[in-house]
Structures are given as C-alpha cells and as structure tokens.
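What follows is a single structure, written as structure tokens, with notes after it.
Computed from the coordinates by the stated procedures, all read-outs in this text should not be read as laboratory data. It should be emphasised that the depicted structure is a prediction, and the values quoted were computed from it without experimental measurement. Ideal geometry is used to build each Cβ from the backbone, glycine not excepted, and the neighbour counts take in all protein chains shown.
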Amino acid sequence: MVRTKAHVQVTVSKNGPYLVVGDIPLAKQTVVADAQGGSEEWREGPPIEHKPTYALCRCGQSQTKPFCDGSHQKVGFDGTETASREPYLDQAQVMNGPTHALTDVENLCAFARFCDPNGQVWSQVGGTDDPPVRANFIRQVNQCPSGRLVAWDRATGAPVETPLPVSIGLVEDPVEACSGPLWLRGGIPVVSSDGFTYEVRNRVTLCRCGQSKNKPFCDGTHAAIHFRD
C-alpha cells in the first residue's frame, strides 16, 4: 500500500491546469546520461517557490511555466481525459524471471529511457538470479518515473519499489533537448475533472506539453515535439 502525506492532492481541471493542494514540494528533476547517452540517474534541482495551493500548466502554452497563466482559455485547449481508469495490474503485461517478475503498461511510457542500458530490463528479468544483473534490473526499473515498469519479488509477491518523498518533479531531458512531464512522487492522489480518483501509485507522470493521447498521463509526445518549459 502507498502511504501518502495527509491532505495532498492534484486535481485535473476541465480543459485547464492541474490544481495542487497540500503544499507539495516542487523542483526540477533532470535525466543524467552516461558516456553512451543512456539514462543513468536523476539530478534534483533546488526547490521552486510556490504557494501552499498552486496551479500547474497543462496546455503547454503558459508564459509562466510551470505555473498556469490562463493560456489554456486563449488557445482553446482540449484537455479531455482519455486514460484508462483500470488498476495498473489489470492493464499490465507480466514477464517472469527466476527470482523477479516485471510488469509493464506500455501506454504509460514517459520516454525517460532508464529501461535501456545494460541490455534493457526486459532481457535482464531472465537473469535476475545473478546478483549484478538483479541489481541493475531493480535500479533501472525503479528509475522509471511513470511507473510503467514495476519489479516484483516472486517469493513474496511484493513489489520491489524504492519509496519516494511526496513531491512533484519537473522532468528535464538534455539528451532529447526537451522538457518532460510532471513527475508525481510518493503516492499523490490524482483526481479527474469529473471527480474520479485514479489509482494512487508511488510513481506517476502527468502530461504538461498538452499533446498526450493518454491524458492526463504522459505518453512521451513531449520528446517528439521537442517541448520546452
């Protein structure tokens, strides 16, 4: 079960911004690449000042990013939510290895590419009885910001997840020369514009370029259009 800080929430307003309550910390989270350009780790920036309740741009057009300036009204932003409301495990494909399993919901991919180094996590899962392979597998899966990928201990049936602090990251991707999604960390509830609460998860990424086909979640479109904050 994901434990959340009391009274924190992100609400998706109809064709408007994300409304954030609970004084949730906000900072840039930058993808740091290795010598080959593969995603290696995250670098957190300094805290961004904000009010206890604030609105984050969802249309991608604000001149005061990451905060909303009302541009969604001027551009006629269509923020219709199209994402599945089924629980993660009901959507996931499962791959079993000797000691660990991998679940994967591809349409949640935020294109951070932590899955790629060391032969890709889909290949690594078959070698998780080898300690170095297992360590890389668990580390890389846990670096996936969207929670598309989750590692599971087959002996206990429990997810192998690194607990994250309750916070929101503004993803920056220097390798792709673009700005990425909002990274909600630590089990922040996301409430749709019609009042539905999406499954609360340790890692979630929300679209902030305005172009995702899986709103409110990121689908990697920011990289294709080279979205810049």
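For Gly97, which sequence-distant residues (separation of 5 or more, or a different chain) have an amide H within less than 5 Å of its own amide H, given hydrogens modelled in the peptide plane?
Counting only residues 5 or more places away or on other chains, the set is Leu102.
Can you tell me the Rg and the Dmax, both Å, for the Cα atoms in the stretch 156-229?
Expressed in Å, the Cα Rg and Dmax of the stretch 156-229 come to 13.6, 43.
For Ala83, which sequence-distant residues (separation of 5 or more, or a different chain) have an amide H within less than 5 Å of its own amide H, given hydrogens modelled in the peptide plane?
Lys215, Phe217
Would you work out which of Thr82, Val175, Ser62 lies farthest towards the positive end of the dipole of the chain? Charges go on Cβ: Lys and Arg +1, Asp and Glu -1.
Ser62
Between Ser13 and Val75, what is 0.36 nm times their sequence separation minus the Cα-Cα distance? Round to one decimal in nm.
Here the answer is 20.7 nm.
To the nearest 10 degrees, how steep is helix 131-143 against the longest Cα principal axis of the chain, on a 0 to 90 scale?
10 degrees
For Asn107 and Glu86, compute 0.36 nm times the residue count separating them, minus their Cα-Cα distance, and round to one decimal in nm.
Computed gain between Asn107 and Glu86 is 6.3 nm.
What are the radius of gyration and Dmax of the chain, computed over its Cα atoms and given in Å?
Both quantities, over Cα of the chain: 17.3, 56 Å.
Work out how far the C-alpha atoms of the stretch 1-93 reach from end to end along every principal axis, then list the three figures in whole Å, largest first.
Answer, in whole Å and largest first: 43, 36, 31 Å.
Among Cys68, Cys218, Cys209, what is the fewest-to-most ranking by other Cβ atoms within 10 Å?
Ascending number of Cβ neighbours within 10 Å: Cys68, Cys209, Cys218.
Over 19 Å apart: what share of the alpha carbon pairs of the stretch 65-136 falls there, rounded to a whole percent?
For the stretch 65-136, the share of Cα pairs beyond 19 Å comes to 56 percent.
Just from the alpha-carbon atoms, what are the Rg and Dmax of the stretch 94-153 in angstroms?
Just the Cα atoms of the stretch 94-153 yield Rg and Dmax of 10.3, 30 Å.
Starting from the amide H of Ala33, placed 1.01 Å from N in the peptide plane, find each other amide H under 5 Å away whose residue is 5 or more places distant or on another chain.
Glu40
May I ask you to derive the relative contact order of the stretch 94-153, considering only C-alpha pairs under 8 Å and at least 6 residues apart, and to give it as an integer percent?
46 percent
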